[in-house]
Amino acid sequence: MSLLLTVLSFVIVSTLAFGQMPVTTWHYNNQLTGANPNEPILTPKNVNTKSFGLLFSQAVDGAIIGQALYMPNVTVPGLGMHNVVYVATMNDSVYAFDADSNSGANAEPLWHASFLSKGVTPMPISIQGCSGTTGWTEVGILSTPVIDPVAGTIYVVAKTYENGTTFVHRLHALDVTTGLEKTGSPVVITASYEYEGTNYVFVDKMQVNRPALLLNDGTIYIAFGSNGCRSGKEEGWVVAYNSSTLQQAGAFDVEPGASAAAIWQRGGGLAADSEGYVYGATADGPFTAGVDLGQSVFKLAQGDGTLTLADWFTPWNQVYLDDHDLDLSEPVLVLPDQSGPYPHLAAGVGKEGTIYLLNRDDMGQFCDTCQEGDTQIPQELQNFAPNTGALAYWNNTIYTTANSSPIAALPVTNGVIGTTPIALSKKVASGHSPVISANGTSNGVLWQINGKNLCAFDAITLAELYQSNKNKGRDQILSLPHYANIMVNNGKVYVGTTSSLFVYGLMN
């Protein structure tokens, strides 16, 4: 057995022995539930201003937009074994830090990989554009990476501006123990898609890989869209690569020859179900049934080196949504199998706040005769959660976080979403996507960034437990990026800021 396999075997055994779980993808799993049910340390009883707060921070060289990832019991050459937290920055860097401390030898990164060199910089925002929407100063690594814990590889997509003339996206495969590039890495991302005899080519300049990377069944899926606002020059793309060989495994253009149907999803990743189908949602843009998928949820199949459209759904009022910038802005939530007539369900939602409950076996496509709602899908909750963050799911409950509204807990029974919340929080600013930590089906805590503050709520009652600005001298977060992300694991909460990683936990 190779040294790497020996180390990884030890990691897996140690993980099971100590109850720690790796966090290798955005929102914990490929269904994007946003729930970590393996968190026995943090509970509604001990998450409060007295016993919980900021433990330490780690400085980085740029804004952390994507979610932090976590691997327990990693042996770093020359530095011993660590629980490791990984973050990437808009300055095209990847950092590995000790996840539990910044004291002594842990004050420095365990490793730091930079993709910059002479003549190679992140994309300047003056060229990328749309800084007024996002507040970004540059575009480098924007999306959440993904980790293959068996191979010991972290996959990252970086955008660079080279020699003042060239725009490049690269897929990097780094060793989780050293940060070194693996064999065949990096690869320059290119793509083309043929429709009705015309070959449409991926153009790097205006494309942005905002959604988190997805690793499913040995394939890495990378989604692209706009640079933060509608420029008329970007297209929505999904490009797939074999995770072992880094050979391309398909490319799909959601709007060949058109523009603006970006796949951005507030930074949330593409989702996947147990059959290997991949799901995403698109922003504004033209709609032509089965071709141009603006304001739509799409389902892709991957096989024989190709990505093909397997099914899709577009709301009945897609023209109105496009005219009013009410795109499907959130990632797709894949629900666990349900009893009832539709066992395989997914939920989508956009800026308008309508929740679409979709049958994954027949997504409904487009109802061109519908006048007041989509009657061809299992359920539609109209205007329920405007400008919500990503939907979260725990304990047979969907959570919404509508902007300037209470967080709502909606029961899911026999494949039907209850329209009367079983719990409501106080009014929150929202704007970010929540996560839930729990010990199985008990001690659930919902974590949310409310304005500029980290907040925690009892996931059953949605009573507020903690707010970072109640102890500003100790816990206040520095400047947050546009749509910051939260990760909770092993008794700690990790929040990326514009210049550092903040780590919260129990004070004693």
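Annotations
- Computed from the Cα positions only, the extents of the chain along the three principal axes stand at 66, 54, 47 Å, in decreasing order.
- Dividing the Cα radius of gyration of region 28-179 by its Kirkwood radius returns 1.01 for Rg/Rh.
- Extension gain, Asp61 to Ala310, is 85.5 nm, computed as 0.36 nm per intervening residue step minus the present C-alpha separation.
- Set of aspartates and glutamates with alpha-carbon distance to Lys50 below 19 Å, sequence-local pairs under 8 removed: Asp458, Glu464, Asp475
- Value at 222 nm in deg cm²/dmol, rounded to 500, when DSSP H runs of n ≥ 4 in the chain each add -39,500 (n - 2.57): -1500 deg cm²/dmol
- Rg ratio for region 378-508: its Cα radius of gyration over 2.2 N^0.38 Å, N being its residue count, equals 1.06.
- For region 276-334, the Kirkwood estimate of hydrodynamic radius, built from reciprocal distances between every pair of different alpha carbons, is 11.9 Å.
- Across region 128-266, Cα-Cα pairs more than 19 Å apart make up 50 percent of the total.
- Of interest is the spacing of the C-alpha centroids, which for region 430-462 and region 411-428 amounts to 15 Å.
- Under 20 Å from the Cα of Lys182 - aspartates and glutamates, other chains or at least 8 residues apart: Asp92, Asp148, Asp217
- Exposed GluC sites (Glu not before Pro) absent - longest run of the chain, DSSP non-H/G/I/E/B, at most 12 other C-beta within 10 Å: 1-195
- Rg ratio (alpha-carbon, reference 2.2 N^0.38 Å) - region 124-182: 1.37
- Long pairs among Lys205/Lys492; Lys299/Lys427; Lys470/Lys492; Lys427/Lys472; Lys299/Lys452; Lys159/Lys426, criterion Cα-Cα beyond 30 Å: Lys205/Lys492; Lys299/Lys427; Lys299/Lys452; Lys159/Lys426
- Residues of type aspartates and glutamates that Lys118 reaches as a straight line, Cα spacing below 12 Å, ignoring anything fewer than 8 places off in the same chain: Glu162
- Formal net charge of residues neighbouring Glu380 (Cβ-Cβ distance under 14 Å; K, R +1; D, E -1): -3
Here, each number is a calculation from the coordinates, and none is a lab measurement. Here the structure is a predicted model, which means the values were calculated and not measured. Every residue, glycine as well, gets a Cβ built from its backbone with ideal geometry; the counts of neighbours run over all protein chains shown.
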